[in-house]
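Quick notes on the structure that follows.
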Amino acid sequence: MRRRLLPAPLLTAALIVMWLVLNRSVSAGQIILAVLFGVAAPALLAPLRPARPRIRRPWVLLRLIGVVGRDVIKSSMEVFWTLLRNRSEPVHSRFVHIPLDLRDPSALASLAMITTVVPGTVWCELARDHSALLLHVWHAPDEAAFIDHYKRTYERPLMEIFQS
C-alpha cells in the first residue's frame, strides 16, 4: 500500500520543496497544495516509469565510465585542435548509420547519454525497431572504423551490463 501511495519518496520530497520555493510561501494552504501535488504526481505517473534496470556486471559499468571519461577528454582535445589547426586539411564530418544489437531500453538510454556527452558526436535518430542509429560525427575519415570503434567501445559493454 505504501509503495503505491509513495512510489518515489525522494521525488515526492523534491516536488514538495520545489512547490514551496517557487511559490515563496510556507503558508498552510501552500503546504497542503505542495503535499497534494508531491504525493499525487508520482503516484499518477508511476505506470509511465520504466522498469528498474538490472545491472548484471557492475565492474564493466565502472570500466565503461572510465572509458567514457577518457573519450570525453580525448574528443574535446581533438575538436579543439581541429578548430585551431591550419584549414588546409578538411574535417570529415558525416552522418553515420550504425546497426545496433542493443535492445534494452535502459541500455539504449545510456548509449544516448554517452553519445551526447562525447564531443563531436550527436545522436540524431533511432530506428523505430531499434535496429539502427543515425549519428552525426564531427570527424570520421573512415566510416567503417568509426562504426567498429563505437560498437566495440560503447555498445558491447552496455550489452554486458544490461543484457547478459
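Quick note: the coordinates plus some simple rules give every number you see, no bench work behind them. What you see is a predicted model; the values in this text were computed from it and never measured. When we count neighbours, we look across all protein chains shown, and the Cβ atoms used for this are built from the backbone with ideal geometry, even at glycine.
Between residue 63 and residue 81, the modelled labels are 2.7 nm apart [label points 7 Å from Cα along Cα→Cβ].
Computing Cα extents along the principal axes in Å directly from the structure and comparing it against (i) 68, 39, 31; (ii) 57, 29, 25; (iii) 57, 45, 28 singles out (i). So how tilted is helix 28-45 from the main axis of the chain? Cα-based, degrees 0 to 90, rounded to 10. Its long axis makes an angle of about 50 degrees.
In whole percent, what relative contact order does segment 58-162 give with Cα contacts below 8 Å and a gap of six or more residues? All intermediate terms of the calculation are to be shown ahead of the outcome.
Values: 123 pairs, mean separation 38.4, N = 105.
Answer for segment 58-162 is 37 percent.
3J(HN,Hα) along segment 99-106: x, 10, 9, 6, 10, 5, x, 5 Hz, from the Karplus curve 6.51 cos²θ - 1.76 cosθ + 1.60 with θ = phi - 60°, whole Hz, x for Gly and Pro. Springs between alpha-carbon pairs under 10 angstrom, Gaussian network model over the chain: which of 96, 35, 67 fluctuates most? Maximum among the listed residues: 35. Looking at the chain, which longest stretch skips every one of the trypsin sites (Lys or Arg not before Pro) that is in a DSSP loop with at most 13 other Cβ atoms within 10 Å, leaving the sites themselves out? Longest gap between qualifying sites, sites excluded: 129-164.
Comparing 30, 55, 144 along the charge dipole axis of the chain, the residue lying farthest to the positive side is 30, per the Cβ-charge model.
Placing unit charges on the Cβ atoms of the charged side chains and taking the dipole of the chain about its Cα centre, the candidate lying farthest along the positive direction among 158, 134, 83 is 158. For residue 132, the residues whose amide H sits under 5 Å from its own are 100, 127, ignoring neighbours fewer than 5 places away on the same chain, with H placed 1.01 Å from N. Once both labels are positioned 7 Å from their Cα atoms along Cα-to-Cβ, the gap between residue 132 and residue 48 label points is 3.1 nm. The distance between label points at residue 31 and residue 14 comes to 2.4 nm (points 7 Å beyond Cα on the Cα→Cβ vector). Residues of segment 36-60 with an amide N closer than 17 Å to a point placed 7 Å from the Cα of residue 109 along the Cα-to-Cβ direction: 42-56.
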